[in-house]
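Undergrad: Attaching a single structure in structure tokens format; questions to follow.
The numbers here are math on the coordinates, done by the rules we state, and not lab data. Please read all numbers here as calculations on a predicted model, not as lab measurements. Neighbour counts are summed over all protein chains in view; Cβ atoms, including those assigned to glycine, are modelled from backbone coordinates with ideal geometry.
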Ligand SMILES: [Zn+2]
């Protein structure tokens, strides 16, 4: 389950940032995750609760902001919304689209004290 290593990276980043800015606790973490980022949200929440233990983020809340997948279709030359890799273009049914966004995984904001 790669969600554990993702969470280790996230917790490491947020606790380091909080410490560097002179804060002792992380209260809340907002994560932006693209719908095509290949992350299981349930698994991520589960991993977060385990990885945060014994850190300054031990009781931090996790807020997940889902970002839709956006692509540019080469067949019909339109911007389209996609939910999964290998889905056909919702407008023309073609598969020649290029993903523009939707694979993000980033920390948007922190609440610290
Ligand atoms: Zn198309």
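Undergrad: Does residue 41 meet the test of being more than 15 Å from the ligand (Cβ to nearest atom) and surrounded by 13 or more Cβ atoms within 10 Å (Cβ to Cβ)?
TA: Yes, satisfied.
Undergrad: Applying the selection to region 9-20, what residues are farther than 16 Å from residue 64 by Cβ and exposed (fewer than 14 other Cβ atoms within 10 Å of the Cβ)?
TA: Hits for region 9-20 are 12, 16, 19, 20.
Undergrad: Restricting the first residue to region 75-97 and requiring it to be touching a residue at least 24 places away in the same chain (Cβ under 8 Å), which pairs with a second residue that is within 8 Å of the ligand (Cβ to nearest atom) and in a loop (DSSP other than H, G, I, E, B) meet a Cβ separation below 6 Å and a spacing of at least six or different chains?
TA: 97/89
Undergrad: Being crowded, with 18+ Cβ neighbours inside 10 Å and in a loop (DSSP other than H, G, I, E, B) is the filter here, so list the residues in region 47-70 that pass it.
TA: If the condition is that a residue be crowded, with 18+ Cβ neighbours inside 10 Å and in a loop (DSSP other than H, G, I, E, B), then 52, 56, 57, 60 are the ones that fit.
Undergrad: Mind checking which residues of region 16-46 are without any contact (Cβ under 8 Å) to a residue 40 or more places away in the chain and in a helix (DSSP H, G or I)? Quick ask: steps written out before the conclusion?
TA: Of all residues in region 16-46, those without any contact (Cβ under 8 Å) to a residue 40 or more places away in the chain come to 16, 19-20, 22, 40-42, 45.
If the condition is that a residue be without any contact (Cβ under 8 Å) to a residue 40 or more places away in the chain and in a helix (DSSP H, G or I), then 16, 19, 20, 41, 42, 45 are the ones that fit.
Undergrad: Continuing with this model, one more query. Filter region 88-113 down to residues that are under 30 Å from residue 48 (Cα atoms) and within 15 Å of the ligand (Cβ to nearest atom), then give me how many there are.
TA: Summing the residues that are under 30 Å from residue 48 (Cα atoms) and within 15 Å of the ligand (Cβ to nearest atom) in region 88-113 gives 2.
Undergrad: Of all the residues that make up region 63-86, how many are within 11 Å of the ligand (Cβ to nearest atom) and over 30 Å from residue 29 (Cβ atoms)?
TA: Here the count works out to 9.
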